[in-house]
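What follows is one structure encoded as structure tokens, with my remarks underneath.
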Amino acid sequence: MALPKLLSIGDLARRTGLSVSAIRFYETRGLVQPMRNSAGQRRFVRSDIRRLSFVLIAQQIGLTLEEIVSELARLPEGRVPDARDWEAISLRFRARLDAQIEALAQIRDRLDGCIGCGCLSLERCAIYNPDDRAAAFGPGPQFIWDGAGKPLKPARSPPP
């Protein structure tokens, strides 16, 4: 069954997997801008499926709502975004994704013997964290995350 040219909020919710309330929230943030029919009901253009799908993907890679709003604001108004528009956005994310992949690879490689010294094995961790030297860096897994819960770039080395 083909979708109609304009979608109700329920149609958009079914197609994107988002709740109606989530779509309304994204509307308040300017991520979608529905029209109103004569009865005052929201009607969305089909390209809003892509916009909201982009929101879901961007959230999965860690973009903030403000970053998502900023990126979607770059899309043309009054015309459906084309492949070139989406490619420009994806190119801006490539460096961020590459950095996340590198950080995750470092975490993966360290998890076998060390949890990055938060330390799950204080009794056996005489090599990487003797006398709990990692405490000088602050709380948490100090050889993997910074104090704000973000991956280190480059990863901090265990203290000597």
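With the Cα gyration tensor of region 55-99 giving a ≥ b ≥ c as the square roots of its eigenvalues, does the rule (a/c under 1.5 for rounded; else a/b larger than b/c for prolate; else oblate) give rounded, prolate or oblate? All intermediate terms of the calculation are to be shown ahead of the outcome.
Working: a/c = 2.36, a/b = 1.48, b/c = 1.60.
Since a/c reaches 1.5 but b/c is at least a/b, the shape of region 55-99 is classed as oblate.
Rounded to the nearest Hz, the phi-derived 3J(HN,Hα) couplings of region 64-69 under the Karplus curve 6.51 cos²θ - 1.76 cosθ + 1.60 (θ = phi - 60°) are 6, 4, 5, 5, 5, 4, where x marks glycine and proline.
When S19, S8 are sorted by how many other C-beta atoms sit within 10 angstrom of their C-beta, beginning with the fewest, the order is S19, S8.
With a ≥ b ≥ c the root eigenvalues of the C-alpha gyration tensor of region 1-81, is it rounded (a/c under 1.5), prolate (a/b larger than b/c) or oblate?
Working: a/c = 1.67, a/b = 1.50, b/c = 1.11.
The shape class here is prolate.
Under a 5 Å amide H cut-off, with hydrogens placed 1.01 Å from N, V32 pairs with E27 among residues at least 5 apart or on other chains. Among the trypsin sites (Lys or Arg not before Pro) found in region 1-46, those both in a DSSP coil and sparsely packed, with 11 or fewer other Cβ atoms within 10 Å of their Cβ, are K5. The HN-Hα couplings worked out from phi for region 42-55 by the Karplus form 6.51 cos²θ - 1.76 cosθ + 1.60 (θ = phi - 60°) are 5, 9, 10, 7, 4, 5, 5, 4, 5, 4, 6, 5, 4, 4 Hz, whole numbers, x standing for Gly and Pro.
With a cut-off of 15 Å between beta carbons, the residues surrounding Y26 carry a summed charge of +1, where Lys and Arg count +1 and Asp and Glu -1.
Readers should treat all values here as calculations from the given coordinates under stated rules, not as data from a laboratory. From a predicted model like this one, the values you see are computed outputs, not experimental measurements. Counting neighbours? That spans all protein chains shown, and the Cβs are built from the backbone with ideal geometry, glycine included.
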